[in-house]
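Accompanying notes for the structure given below.
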Amino acid sequence: MHKIYVLFALAVMVLLMPRWGSAHGVGLHAPEEGGTAAYEEAVEARSDEEARRKIESLSKEIERLREEAERPGLTEIIGGIGWIMGILGIAAYIKSRRK
């Protein structure tokens, strides 16, 4: 039964896979004679654009993580309350010893 699903998935992938130079591809066609320089420029421009988009996405994610890391978390808040309670406890102890 699993073989049928695997074969079906492979058939779908082959049918949907863009073909080199076809209208179903990503918009770049195989170079014709004498047109390799323009084709290479188009491929490089598209690669540069994709890289720029990915870098922008990663930069936004890094900035979001930095902002998230700068905010105090639950551990820091509970730790701060613990420090305050400890200092108040020491002050109460010292005050009770003086009487």
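The values are calculated or read from the model by the stated rules, or taken from the named source; none is laboratory data. Since we're looking at a predicted model, the values are computed, not measured. Here the Cβ positions follow ideal geometry from the backbone for every residue, glycine too, while neighbour counts run over all protein chains shown.
Tabulated data for the structure shown
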quantity: Filter result for the condition that a residue is surrounded by 10 or more Cβ atoms within 10 Å (Cβ to Cβ), at pLDDT below 85 and assigned to a helix (DSSP H, G or I), over A30, A92, A45; calculated: A45
quantity: The listed residue being in contact (Cβ under 8 Å) with a residue 12 or more places away in the chain and on the phi < 0 side of the Ramachandran plot, out of A91, A69, A42, A51; calculated: A42
quantity: Residue tally, condition polar (S, T, N, Q) and more than 17 Å from the chain's Cα centre (by Cα), over the stretch 41-63; calculated: 1
